[in-house]
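All remarks here apply to the structure that follows.
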Amino acid sequence: MLPVDSEGKGNRSVAEYITEQMIFAAARNPSFKVLERDMTKVGQELKLQISELFDVEKAVQVGKFIGAEMLIVAQLKVHEKGATLFAKMVRVETGEILSVAKVDMNTNVLKSS
């Protein structure tokens with residue numbers, strides 16, 4: 001799971017909260033093995049910004065570097081009615097997008113996180 005990218009610094013705490021919730025859900029699912037890495041250091045090593053990781057090619061580069069088989073990359077877009085989360089599951093070996101998801105959230109979800 002790569003950190004959720006968000007537009008603007010004001011939404012960073014919401015993106016971090018969503019990242020933690022997604023990691024928690026994946027860790028509880030026996031189909032997944034969650035590997036924790038300091039993504040700031042990985043990004044510095046590969047000279048990438050978190051915002052670039054939603055690009056599948058960049059995500060694959062990170063996945064190979066950290067030894068992942070699959071990655072989930074997500075991006076949070078905040079608007080006046082709430083927010084939309086876009087997520088992709090990517091097979092690192094091939095760069096194939098295995099699954100995509102779109103989650104619409106109202107402003108109450110954003111305020112409570």
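Here 54, 86, 65 are screened, and the one residue that is more than 27 Å from residue 107 (Cα to Cα) and either modelled with pLDDT of 90 or more or surrounded by 12 or more Cβ atoms within 10 Å (Cβ to Cβ) (or both) is 65. Among the residues of the range 68-79, those identified as surrounded by 22 or more Cβ atoms within 10 Å (Cβ to Cβ) and within 9 Å of residue 2 (Cβ to Cβ) are 73, 74. Just to be sure, is residue 45 in contact with a Phe, Trp or Tyr (Cβ under 8 Å, 6 or more places away or on another chain), open to solvent by 40 Å² or more (accessible area, probe 1.4 Å) and either at pLDDT below 70 or not in a helix (DSSP H, G or I) (or both)? Yes: the conditions hold for residue 45. On the given criteria, is residue 59 more than 12 Å from the chain's Cα centre (by Cα), modelled with pLDDT under 90, open to solvent by less than 60 Å² (accessible area, probe 1.4 Å) and among the aliphatic types (A, V, I, L, M)? No. Are there any pairs, at least 6 apart or on different chains, whose C-beta atoms fall under 7 Å, with the first in the range 12-26 and in contact (Cβ under 8 Å) with a residue 24 or more places away in the chain and the second assigned to a helix (DSSP H, G or I) and open to solvent by less than 100 Å² (accessible area, probe 1.4 Å), and if so, which? Between residues of the range 12-26 that are in contact (Cβ under 8 Å) with a residue 24 or more places away in the chain and residues that are assigned to a helix (DSSP H, G or I) and open to solvent by less than 100 Å² (accessible area, probe 1.4 Å), the close pairs are 14/110.
Screening the range 17-42 for residues that are in a helix (DSSP H, G or I) and over 14 Å from residue 4 (Cβ atoms) and picking the one that is modelled with the lowest pLDDT gives 40.
The values are calculated or read from the model by the stated rules, or taken from the named source; none is laboratory data. If you're wondering where the values come from, they're calculated on a predicted model, not measured in any experiment. Neighbour counts run over all protein chains shown; Cβ positions are idealised from the backbone, glycine included. For accessibility, only protein heavy atoms count, side chains too; no ligands or nucleic acids. Shrake-Rupley method; radii C 1.70, N 1.55, O 1.52, S 1.80 Å.
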